[in-house]
Amino acid sequence: MAVLFDKAELERLIHLFASRVNEEGISGTISLVGGAAISLSYLHDREATTDIDALLPSDLRISEIIAEMAVEENLDENWINDAAKAYVPFETEQQWVDLYRVGGVLVRIATAELLLAMKLRADRGFRDRPDIEGLIKLCGVTSISEIENLYGGIHHQEVIQEKTRLVVIGMLKKIEESAI
């Protein structure tokens, strides 16, 4: 049973999770990406999300905390997960914004540019395309070459898939026409 998280619930659960991680004596960083990050900080009219994608501290107790909170809060077992880590490039240190700290736990969020590059790389069709279009507007990129430069600067030595490139060109035309 997937639960939809709105912005207030996302904020509450992330803070509770960070507090629990800290209470366990675990230090580290919770790096928010995906739909939760987009909903929290960038596209406030975005539909709710069913999970929280994050890079999590590497400690075996993290999975125990996630499981305990799932039971206590009546959440899916993967309510917070690191499945999106495959889309996070290695060199992203300048692509994060610190939100707050709970003891030894830093909670941060990906920049809009990093999220756009990740969404472009994943491009799961209709699931990602509203986010891609919203992030294009937010980042202020107006041409395919600007988007390719942004993407290449984050995903080094990679190019945008051709099907995604064509969809983005269509989005740029639509955005330009709506601005007239």
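Residues of the range 5-47 that are charged (D, E, K, R) and closer than 16 Å to Lys119 by Cβ: Arg46, Glu47. Scanning the range 83-112 for residues that are modelled with pLDDT of 95 or more, among the charged types (D, E, K, R) and within 11 Å of the chain's Cα centre (by Cα) returns a single hit, Arg108.
Of the residues that make up the range 37-46, is at least one aliphatic (A, V, I, L, M), farther than 23 Å from Ala122 by Cβ and under 20 Å from the mean Cα position of the chain (by Cα)? Scanning the range 37-46 turns up no residue that is aliphatic (A, V, I, L, M), farther than 23 Å from Ala122 by Cβ and under 20 Å from the mean Cα position of the chain (by Cα).
Of a type outside the set (Phe, Trp, Tyr) and either modelled with pLDDT of 95 or more or part of a helix (DSSP H, G or I) (or both): does that describe Arg46? Spelling it out, it is not the case that Arg46 is of a type outside the set (Phe, Trp, Tyr) and either modelled with pLDDT of 95 or more or part of a helix (DSSP H, G or I) (or both).
Here His156 meets each of (1) modelled with pLDDT of 95 or more; (2) over 30 Å from Glu24 (Cβ atoms) with one exception, condition (1). Among the helices (runs of 4 or more DSSP H) confined to the range 63-180, the ones with at least 3 residues that are free of Cβ contacts under 8 Å to residues at least 60 places away in the same chain and surrounded by fewer than 17 Cβ atoms within 10 Å (Cβ to Cβ) are located at 144-154, 162-179. Among residues belonging to the range 13-31 that are under 20 Å from Ser41 (Cα atoms) and touching a strand residue (DSSP E or B) at 6+ places or on another chain (Cβ under 9 Å), point out the one that is surrounded by the fewest Cβ atoms within 10 Å (Cβ to Cβ). Ranking the candidates gives His15 first.
The values are calculated or read from the model by the stated rules, or taken from the named source; none is laboratory data. Remember, it's a predicted structure, so these values are computed and weren't measured experimentally. Virtual Cβ from ideal backbone geometry, glycine too; neighbours counted across all protein chains shown.
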